[in-house]
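Below is one structure, written out as structure tokens; comments come after it.
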Amino acid sequence: MIKHMMLLGLMLVAVDALAQKKNLELEALRLEFDNFITDDKYRPYGTSEKAQAKAAIEALYNQRGKVKEHAVYMARHHLNMAKMAAESGYLDAQIAAENDSLEALNIETLKTEATVARLEADRAQLLLSLQEEEVERERLEKQRALELANQKANEAEMTQAELAAAKEYAQAQKKVAELAKQEADLAFEEIDALRKQLESLAARETADGLVMTLGDFVFDSASANIKQAAVNNFTKVLDFIDGYPDRKIRIEGHTDSSGSDAFNLNLSQQRADAVKELLVDYGINTSRIEAIGMGESLPVADNFTEEGKAKNRRVDIIILNQQ
Amino acid sequence: MKPNIRLQTTKTGSLALILLILTGLSGCGSPGATKIDDDTFYQLEADVAAVANSAVADAAPLEIKGIQEKLQLAKKAKADRDRRTEAQLTEQIYADIQLAKKRAELKQKNNDLLDLRDQVSSAQVYLMELKERLQ
């Protein structure tokens, strides 16, 4: 009997312990639910699941008799589902926020990339411009260098040419100077000879009167122009005339036989007139002077030699005898 | 002393009888919302296999392991013709499948969130580099 009593006691204790265990689990479940619904992090999410879990737990409390293990399990299931639903809602919100951030970042990135691209394009354009300027500058420098080289080459060539021209000019000038000197020497010689010839003029007695003959050296060749040197040295002639101031003077022009009679007559007349004009210029009264061209009609030598022709080309100044 | 003992024995026996009745009643609770027929277990077995062969198994391996253990208990309850236990285990297994699926969904969302945060971080670094190039 005592054994039965002890067995019964043990069974009662076991049943009571089991019931207390269930009650503890239920209380733990309730505490867990309370902590869960007061968590601000999950407050906005899983509201319907929270309501289901709350209803399940309250049903356990309202249940008559001992709480069943299965019912507790299912109530915990509802609590877990509510937690997961809240976590899911929280994650959805976080994902949405991150998506928004990512979208905003992507937009800003696109804008920044566009700005960077524009900047790099500007940089590239600037670099290209600089390179083009550099190329142009180098081209201009080369061109200048080439022009300078050409200029120097031209200057060198020109210098050579100018030098050669100057040398030629100097040579020509030298020749000119030599020729001029020679001409001057010849002129001096001629003048001197002319002066000597004029000084050596001598008068001769003829039937018409005293005659002084001027050779053709007094005139330019084939011309009636009296040479300047002859004009300057006409003193001998003037002295000769001055010795007979009361007498008439006849000036006869003569030529050689070269050329036509008319030409020679004209030339002899012009030469006689030229001497007359010179004498008048020296102060001889023109009324005293008669100038006659005789042509080739009165030669004093033959006209077959140059020497004879030279003697025939003459002007005779005749101081006529008084009538 | 004997009558006392007899009285005590009678009282003790009555108490034991009451306890036995209470114990029996506590063991014969409601079978749950799930109705059990001959095909219920096979449908449950197929549903568990489908979940175990899906991506959920990789995301929630502990939950799948518990489900498969409970499936064996349900199989035993079916064999024992313990319909109440089979019904409770069936309801719990479907609840566990629901939780496993939700766990997999949460894991996927966590991965998505981490991936997004990585993208945001990379985008911030890239944007910072771009802005430095602007300066």
Amide H to amide H under 5 Å from A:PHE219: which residues, 5+ apart in sequence or cross-chain, H placed 1.01 Å off N in plane?
-> A:LYS227
At a probe size of 1.4 Å, how large is the accessible area of A:SER200, to the nearest 10 Å²?
-> 80
For the protein assembly as shown, what proportion of DSSP beta bridges, expressed in % and rounded to the nearest 5, is antiparallel?
-> 75
Report, in whole Å, the centroid distance computed from the Cα atoms of region B:57-96 and region A:127-168.
-> 104
Any idea what angle helix A:47-62 forms with the longest principal axis of chain A, computed on alpha-carbon atoms, 0 to 90 degrees, nearest 10?
-> 10
What residues have an amide H closer than 5 Å to that of A:THR213, excluding those fewer than 5 places away on the same chain, when H is modeled at 1.01 Å from N in the peptide plane?
-> A:ALA202, A:ILE317
For peptide B:88-97, how many partner chain Cβ atoms fall within 10 Å of a residue's Cβ, on average?
-> 3
Which value in deg cm²/dmol, rounded to the nearest 500, describes the helix-derived mean residue ellipticity at 222 nm for chain A, given -39,500 (n - 2.57) per DSSP H run of n ≥ 4 and division by the residue count?
-> -25000 deg cm²/dmol
Report the full-extension gain for the segment A:SER223 to A:THR235: residue separation times 0.36 nm, less the Cα-Cα distance, to one decimal in nm.
-> 2.1 nm
Using per-residue counts of other Cβ atoms within 10 Å, averaged over each peptide, order A:32-41, A:171-180 from highest down.
-> A:32-41, A:171-180
Sequence ranges B:88-98, B:106-116, ranked by mean other-Cβ count within 10 angstrom, highest first | B:88-98, B:106-116
When chain A is modelled as a GNM with alpha-carbon springs shorter than 10 Å, which of A:LEU163, A:LEU214, A:LEU29 fluctuates the most?
-> A:LEU29
Between the Cα axis of helix A:69-199 and the main Cα principal axis of chain A, the angle (0 to 90°, nearest 10) is 10
Candidate lysines - alpha carbon under 19 Å from B:LYS101, same-chain residues fewer than 8 apart omitted = A:LYS50, A:LYS83, B:LYS65, B:LYS70, B:LYS109
Under a Gaussian network model of chain A whose springs join Cα atoms within less than 10 Å, the largest fluctuation of A:ASN266, A:ASN150, A:ASN62 belongs to A:ASN62
FRET efficiency for A:ALA59 and A:VAL116, using Cβ-Cβ distance with R0 set to 60 Å, rounded to 0.05 | 0.40
In terms of Cα to Cα distance under 24 Å, which lysines are near enough to A:LYS309, apart from those fewer than 8 places away along the same chain?
-> A:LYS196, A:LYS227, A:LYS276
What residue among A:ALA310, A:ALA165, A:ALA97 shows peak mean-square fluctuation when chain A is described by a Gaussian network model with Cα springs under 10 Å?
-> A:ALA97
About its Cα centre, what dipole magnitude does the protein assembly as shown give when the only charges are +1 on Lys and Arg Cβ and -1 on Asp and Glu Cβ, stated in debye to the nearest 20?
-> 5960
Hydrodynamic radius (Kirkwood) for the protein assembly as shown, which is based on Cα pairs only, to one decimal in Å = 38.4
Partner shielding of B:124-130, taken as the mean number of other chain Cβ atoms within 10 Å, equals 4
How much of the accessible area of the protein assembly as shown, probe 1.4 Å, is carbon plus sulfur, in whole percent?
-> 56
Return, ordered by residue number, the residues of region A:128-161 whose backbone nitrogen is under 19 Å from a label point located 7 Å along Cα→Cβ of A:GLN171.
-> A:158-161
At 7 Å along the Cα-to-beta-carbon direction for both A:SER48 and A:THR305, put a label point, then send me their distance in nm to one decimal.
-> 16.8
Express the accessible area of chain A per residue in Å², computed with a 1.4 Å probe while the remaining protein chains stay in the model.
-> 63
Please give the helix A:2-37 orientation as an angle from the longest Cα principal axis of chain A, in degrees from 0 to 90, rounded to the nearest 10.
-> 30
10 Å Cβ neighbours from other chains, averaged over peptide A:114-124 = 1
With each label point set 7 Å from Cα along the Cα-Cβ vector, what nm distance links A:GLU108 and A:SER129?
-> 3.2
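The values are calculated or read from the model by the stated rules, or taken from the named source; none is laboratory data. Everything quoted here is computed from the prediction, not taken from an experiment. No Cβ is skipped: glycine too gets one built from the backbone with ideal geometry, and neighbour counts run over all protein chains shown. Note: areas computed on protein heavy atoms with side chains; ligands, DNA, RNA excluded. Shrake-Rupley method; radii C 1.70, N 1.55, O 1.52, S 1.80 Å.
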